[in-house]
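Below: the structure, in structure tokens.
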Amino acid sequence: MVANVGTTDRMVRVVVGLALLSLLYFLTGPAHWLGLIGLVMLVTGTFSYCPAYRLLGVSTCDATNIVMEKQNPGGGCGSGGCGCGH
């Protein structure tokens, strides 16, 4: 799994995800379940990976990660896509 969510995108996803999760407490009725969308955003922001981006061929990572992925397809440490900092 290669990271395809960049730093700014991650921050936005985490903030918006937490805001949407708060809807579970503030809204009543069936509408409050829309807050679970926030969980998806929070998870994709935390792991820097969005399956929808993968299907659409989109990446908000910087060009360095894209070049490293082309040099080492399949990801893993050393590719810059695992998020471990190697």
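Summary table below
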| item | result |
| --- | --- |
| Some residue of segment 7-28 being over 22 Å from D62 (Cβ atoms) and of a type in the set (V, I, T) | yes |
| Residue match in segment 33-48 (condition: part of a loop (DSSP other than H, G, I, E, B), at pLDDT below 95 and buried (at least 17 other Cβ atoms within 10 Å of the Cβ)) | yes |
| Cβ pairs under 7 Å, 6+ apart, first in segment 26-51 and closer than 15 Å to M11 by Cβ, second of a type outside the set (K, R) and at pLDDT below 85 | S48/G83 |
| Selection count, segment 49-81, where residues are modelled with pLDDT under 80 and either more than 13 Å from the chain's Cα centre (by Cα) or polar (S, T, N, Q) (or both) | 18 |
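The values are calculated or read from the model by the stated rules, or taken from the named source; none is laboratory data. In this text the structure is predicted, and so the values were computed from the model without any measurement. Using ideal geometry, Cβ is built from the backbone for each residue, glycine included, and neighbour counts are taken over all protein chains shown.
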